[in-house]
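As structure tokens, the structure follows; a few thoughts come after it.
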Amino acid sequence: MKKLLISLAVSSAALFCVLSPGMARSGADHVGKPALEFSAGKWLNTPPLKLAGLKGKVVVLEFWATWCGPCRKSIPHLKELHSKYASKGLVLISLTDEAPAVAENFVKENGMNYAVGLESPTSEAYAVTGIPHAVVIDRSGKVVWEGHPMYGLDKAIEAAL
């Protein structure tokens, strides 16, 4: 019985994570609206961040989890984007609701050298219904794009910069 419950939990997690790439992955449309504040219980690779302190920057909020296969596959791409655009004013912030005990080693092992927020409740504020999910915030603090980070994020960042 225990094995069956574990199997069902893993299958459910995979189904939640693997939605169609074209889906918005958010229960609300934030594009064109002011960005919502984000928070995290613990920050890696950065001092604590707040949206108000990032005015004039293009911000990408990326929602993910260690157990999510598509999230794992998008990490090298996110690292490339961070490397390519950080000097041009991009701030990449990956947020997960997972605890430090679960995520800290994963972040280190996967070379996630950009801002990572752990124990973050922000996915609820953004009504995220599937991960990975990214939100692009322009220099004025308005959401200009949201969706799967592997499908359109590059163009959205370039347009915002």
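The values are calculated or read from the model by the stated rules, or taken from the named source; none is laboratory data. In this text, all values refer to a predicted model and were calculated from it rather than measured experimentally. Cβ: placed from backbone, ideal geometry, glycine included. Neighbour counts: every protein chain shown. Accessible surface is based on the protein model in full, side chains and every heavy atom, while ligands, DNA and RNA are left aside. Shrake-Rupley method; radii C 1.70, N 1.55, O 1.52, S 1.80 Å.
Among residues other than K42 with Cβ under 14 Å from its Cβ, the summed charge is -3 (Lys and Arg +1, Asp and Glu -1). Of all lysines in the structure, the ones whose alpha carbon falls short of 19 Å from that of K55, not counting any fewer than 8 places away in one chain, are K33, K88, K142. Each of the peptides 59-70, 33-44 was scored by the mean count of other Cβ atoms within 10 Å over its residues; in descending order, highest first, they stand as 59-70, 33-44. Treating each Cα of region 39-130 as an identical point scatterer and summing with the Debye formula, the log10 of I(q)/I(0) at q = 0.15, 0.20, 0.25 Å⁻¹ comes to -0.53, -0.99, -1.53.
Heavy-atom accessible surface of region 48-161, averaged per residue, reaches 43 Å², computed with a 1.4 Å probe. Shape summary of region 91-161, radius of gyration then Dmax from alpha carbon positions: 13.0, 37 Å.
What's the local net charge at G141, with K and R +1, D and E -1, over the other residues with C-beta under 14 Å away?
On the way: positive: K33, K50, K55, K57, R139, K142; negative: E37, D138.
Summing Lys/Arg as +1 and Asp/Glu as -1 gives +4.
Straight Cα distances below 22 angstrom link K108 to the lysines K42, K73, K79, K84, with same-chain residues fewer than 8 positions distant left out. Cα centroid separation, region 36-99 to region 104-124: 8 Å.
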